[in-house]
């Protein structure tokens, strides 16, 4: 990548990359698996056949099977070890620092790519998902890669650019249906260029037609096998209200309400500053269209059919936000530019100090995800070494969630060489037994009026109860 000739700027970029990589990898397996990660770990088990894995995915996930299939292959080579899984996300999240920086260079041709690299590297939302065994960090990278080859193909429709445009686009669409937003954005942008400038990119258009056909077939197959839209399992999804306009998930993307407002105002100023470029259909116009449709498409779909928008589903919207802000800052007047660079760096680092990513270097890091590992070890330390699990989500996903949690518990028991026994139902209780209740999988709580509790231990997102026979 021909970015700069000045070695000092190369050193800055390398330093940012090293720090970003460190923040993503350090203590990556401090927490046990999150509920969604338990699903991925179960579905991607290399010890079960492909058809069963696909059925497991359809019974529990709202995303296609492709990511879990890739993880299944990954585990088959490296071994079915939970500690390896999150490194895939961390690696692709680190690569995204470079890919988004290159987008910034392509758009601006100035040093704004360094600020872009910094903001991506230190973004707490991206760091958080870099430490999860889920699709979102990989999706973010391949969306950024697709944008690179869209921009490159607009400059030169050669075989290399078109080939990798197709590859990155199809890979992204296979990973997650929200990648269709980028496809819609590209089609709309090319349509506007044709209507306004009378320029027709034939090779790109032919590619988009083929990609669209593949996307339609692929997502129809996925939707047919999905948990029904009417399922109460999707209770956590909701359509945004008018208050949403004042935030637009910026507080989630940048770490706090105050920081979210700061970057939202910066972004609005950047759009005002870039209005001429947008109207002239420059590359920044494409990023603006992508930003806009990232919200508009899922919101419209949500009101017409079923709510689907969540911050993590549109994690890629961070790309146009950061690139447009960085371009605006570097093209501002000198005094304003230095002030905004200082401000964006100061508030980003200041907020990061309040997050566990940095605080763990100064104080003991608390647990935020279910302490399942600890609950099993506590059972091992008692005289009663039998346990059951309480999984009480909505009925249509209760059985697959039970299997997913059992798979993770069996893995942890084997890994830690624990001498404890799992009972698959209450009928097998002879005297007393421990009940592991994972809060996020028990929508009606951990209480049960039909049992007598001898002892209760509250862990983070897990309640461990010793109960008498019913």
So for 437, 262, fewest C-beta neighbours within 10 Å to most, what's the order?
262, 437
Between residue 242 and residue 363, what is the FRET efficiency for a Förster distance of 45 Å, r being their Cβ-Cβ separation, to the nearest 0.05?
0.70
Can you order the peptides 167-177, 347-357 by their average number of other Cβ atoms within 10 Å per residue, highest first?
167-177, 347-357
So what is the relative contact order of the stretch 230-326, in percent, for Cα pairs below 8 Å that sit 6 or more residues apart?
31
Report the antiparallel proportion of the DSSP beta bridges in the chain as a percent, rounded to a multiple of 5.
65
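Rounded to the nearest 500, what is the chain's calculated 222 nm mean residue ellipticity when only DSSP H runs of at least 4 contribute -39500 (n - 2.57) each, over all residues?
After summing the helix terms and dividing by residue count, I get -20000 deg cm²/dmol.
Quick one: Kirkwood hydrodynamic radius for the stretch 322-470, alpha-carbon pairs, angstrom, one decimal? Don't skip to the answer; put the middle values down first.
Numbers: mean 1/r = 0.0531 Å⁻¹.
When all Cα pairs of the stretch 322-470 are included, the Kirkwood radius is 18.8 Å.
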Expressed in nm to one decimal, what extension gain is obtained for the pair residue 443 and residue 196 from 0.36 nm per residue of sequence separation less their Cα-Cα distance?
83.6 nm
To the nearest 10 degrees, how steeply does helix 318-330 sit against the main Cα axis of the chain, on a 0 to 90 scale?
40
Among 396, 364, 327, what is the fewest-to-most ranking by other Cβ atoms within 10 Å?
364, 396, 327
Where a ≥ b ≥ c are root eigenvalues of the Cα gyration tensor, a/c under 1.5 meaning rounded, otherwise prolate if a/b exceeds b/c and oblate otherwise, the stretch 222-372 counts as oblate
Per 5 angstrom bin, beginning at 0 and ending with the bin that holds the maximum distance, the Cα pairs of the stretch 70-179 fall in percents of 2, 12, 18, 20, 19, 15, 8, 4, 1
Can you tell me the relative contact order of the stretch 24-179? Whole percent, Cα pairs under 8 Å, sequence separation 6 or more.
26
Round to a whole angstrom and tell me the spacing of the C-alpha centers of the stretch 115-175 and the stretch 374-421.
37
Given axes a ≥ b ≥ c from the Cα gyration tensor, I'd like to know whether the chain is rounded (a/c under 1.5), prolate (a/b larger than b/c) or oblate.
prolate
Distance between Cα centroids, the stretch 236-260 to the stretch 22-79: provide it in whole Å.
29
Taking 402, 116, 382 and counting other C-beta atoms within 10 Å, the order from fewest to most
382, 402, 116
For the stretch 241-304, what class follows from the C-alpha gyration tensor (a ≥ b ≥ c being the square roots of its eigenvalues): rounded when a/c is under 1.5, otherwise prolate if a/b is larger than b/c, else oblate?
oblate
Taking 8 Å as the Cα distance limit and 6 or more residues as the minimum spacing, I'd like the relative contact order of the chain as a percentage.
17
By per-residue mean of other Cβ atoms within 10 Å, what is the highest-first order of 69-77, 283-291?
283-291, 69-77
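Would you mind putting 35-43, 79-87, 417-425 in packing order, based on average other-beta-carbon counts within 10 Å, highest first?
Details: 35-43: 23.1, 79-87: 16.2, 417-425: 12.1.
Packing proxy ranking, top to bottom: 35-43, 79-87, 417-425.
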Given the Cα-Cα distance of residue 209 and residue 257 and 0.36 nm per residue of separation, how much length would full extension add, in nm?
13.2 nm
Could you work out how far the C-alpha centroid of the stretch 294-336 sits from that of the stretch 178-198, in angstrom?
17
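The numbers here are math on the coordinates, done by the rules we state, and not lab data. As the structure is a prediction and not an experimental result, all values here were calculated from the model. Neighbour counts run over all protein chains shown; Cβ positions are idealised from the backbone, glycine included.
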